[in-house]
Amino acid sequence: MVVRGAVLTVVLLGLVVFSVLLAKVTLTPSPASEDLVTSNLRPGRSLRQYAEDYTFLAACKQAGGNLLLGVPFGLLLPFFVPRRLRMIRMTLLTAVAMAVVELIQGALVAGRAFDIDDVILNTAGALLGYFVLGRRITHRYYMYADVPAPSERPAEPEPAPEPKRTPRLTAGAKAARTKSAGAKGTRTKSAGKKGTTTKPAGTKTAATKGASTKKPRSLLDRVRARVRSR
């Protein structure tokens, strides 16, 4: 903002200085030319007169002076004109300003008269200055002025973390996962069958102990048993 204000201040001072010089050049009385100059309301009449009645240097001085007089308008006015239709607005402002100057010349200044060709040459000079240099200067100025300073830029919100995405399984991976799950189920089933067919260790131990507690028969008991059987 400080740089933008400084640039606009310099341009405004330049416009004021140019206005003073313009008034001095165009509104200075010329009593010696009072009987020679006449008003011109027909576009191109003075230009033909420059080509027919003036020498080459005099014609270049007269026409070139009016062109150069309009160049500062093409350099300074675009800074104060909105960007939309800038060239058209600048051209219209230049034409109006120079037409007012010419009217003041013809009405109030001795030895000077209104000339529409001067207005045309001044406006052409403004367009020349705009296309040669004014357009580039104002374009860079507005590009720099539109960029906010670091302290003026709004704080950018932190981006929200993206949710984690589960990777998609391909057909082969899905088949492998299904196969492994089936194998685990088969193992569990076989483990359950083994658990049901195994005999409890306590039953076998009790039968063995019961068989081992029987005492062997003596020889006398065997003889007695045979005798009885007979």
- Working only within the range 17-54, note down all residues that are hydrophobic (A, V, I, L, M, F, W, C), open to solvent by less than 90 Å² (accessible area, probe 1.4 Å), closer than 20 Å to residue 101 by Cβ and part of a helix (DSSP H, G or I). 17, 18, 22, 23, 25, 47
- Message: Suppose we filter 74, 14, 5, 70 for residues that are modelled with pLDDT of 90 or more, out of contact with any Cys (no Cβ under 8 Å at 6 or more places or on another chain) and surrounded by fewer than 18 Cβ atoms within 10 Å (Cβ to Cβ); which single one remains?
- Response: 14
- Message: Any residue in the range 63-76 that is in contact (Cβ under 8 Å) with a residue 12 or more places away in the chain and under 15 Å from residue 102 (Cα atoms) sitting within a Cβ distance under 6 Å of a residue that is among the acidic types (Asp, Glu) and open to solvent by less than 30 Å² (accessible area, probe 1.4 Å)? List the pairs, counting only those 6 or more apart or interchain.
- Response: 66/118
- Item | Residues (free of Cβ contacts under 8 Å to residues at least 40 places away in the same chain and among the small types (Gly, Ala, Ser)) located in the range 94-116 | 95, 97, 99, 107
- Within the range 79-98, restricting attention to residues that are farther than 19 Å from residue 117 by Cβ and of a type outside the set (A, V, I, L, M, F, W, C), which residue is most open to solvent (accessible area, probe 1.4 Å)? 84
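The values are calculated or read from the model by the stated rules, or taken from the named source; none is laboratory data. The shown structure was predicted, so the numbers you read here are calculated from the model rather than taken from an experiment. No Cβ is skipped: glycine too gets one built from the backbone with ideal geometry, and neighbour counts run over all protein chains shown. Accessible surface is based on the protein model in full, side chains and every heavy atom, while ligands, DNA and RNA are left aside. Shrake-Rupley method; radii C 1.70, N 1.55, O 1.52, S 1.80 Å.
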